[in-house]
Amino acid sequence: MAKKNKYPKLVVIMGFMSSGKSTIGRKLAQRMEYEFRDLDEYIEAKFESSIGEIFNELGEDSFRDLEREALLEQADADKVLLSLGGGTPCFRDNISWIKENATSVYLNVPDSILLGRLKKNRKKRPVLADMSDADLVNFVSSLHARREYFYKQANIEHKFMGEPISEICRSLLRKLEIKYPS
């Protein structure tokens, strides 16, 4: 059941890697007249290092602690749209914090589309860089299925059907109950 919050102070966008969280988030924030923040970019700026470097240097557990800390630092956000990392809602009870403090949107993109995007950009993602196509298919389907439990707890779900970003934004604005600017 969606929160009945006409003008949420904090909107978070979640979904699997390459689901379009940052791209759609930037456009949607602009239309909502909200500040856009990308949690990965926030962490990179704070620690002056890339997510991949932080992840490789500290390991996943310590990275997830930093990610949790960065998420909690958004508590005082007002008129902010925050794009999360793909795993953010799945660790450290972050989904409970999100449900308590934000209106959440899940960008549900089919594995076939995610795979196409990830194959093109796999070199940018250290965990995927050396995977064969077959391993990538198994990795995406398995990890996406495990994370779905967390993503499905979002207030709003948008199932991607190949529509343009402008239509996705229009649809999300309707679901968020925010008037679409002319």
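Restricting the first member to region 50-62 and to residues that are touching a residue at least 60 places away in the same chain (Cβ under 8 Å), and the second to residues that are in a loop (DSSP other than H, G, I, E, B), the beta-carbon pairs closer than 7 Å and six or more apart or on different chains are Gly52/Pro126; Asn56/Pro126. Could you give every pair whose Cβ atoms fall below 6 Å, whose first residue belongs to region 85-97 and is closer than 19 Å to Glu44 by Cα, and whose second residue is aromatic (Phe, Trp, Tyr) and not in a helix (DSSP H, G or I), counting only separations of at least 6 or pairs across chains? Partner pairs satisfying both residue conditions: Gly86/Phe16. Do we have Lys99 as modelled with pLDDT under 95, in a helix (DSSP H, G or I) and not hydrophobic (A, V, I, L, M, F, W, C) here? In short, no. The listed residues are Leu136, Leu143, Leu118, and the only one of them that is within 25 Å of Leu28 (Cα to Cα), outside any loop (DSSP other than H, G, I, E, B) and among the aliphatic types (A, V, I, L, M) turns out to be Leu118. Considering region 151-182, and only residues there that are among the charged types (D, E, K, R) and in a loop (DSSP other than H, G, I, E, B), the residue that is modelled with the lowest pLDDT turns out to be Lys179. Select from region 48-72 the residues that are of a type in the set (A, V, I, L, M, F, W, C) and either buried (at least 16 other Cβ atoms within 10 Å of the Cβ) or in contact with a strand residue (DSSP E or B) (Cβ under 6 Å, 6 or more places away or on another chain) (or both) and list them in ascending order. Ile51, Ile54, Phe55, Phe63, Leu66, Ala70, Leu71, listed by residue number.
The values are calculated or read from the model by the stated rules, or taken from the named source; none is laboratory data. The model shown is predicted, which means the values in this text are computed figures rather than measured ones. Here the Cβ is made from the backbone with ideal geometry for all residues, glycine too, and neighbour counts use every protein chain on show.
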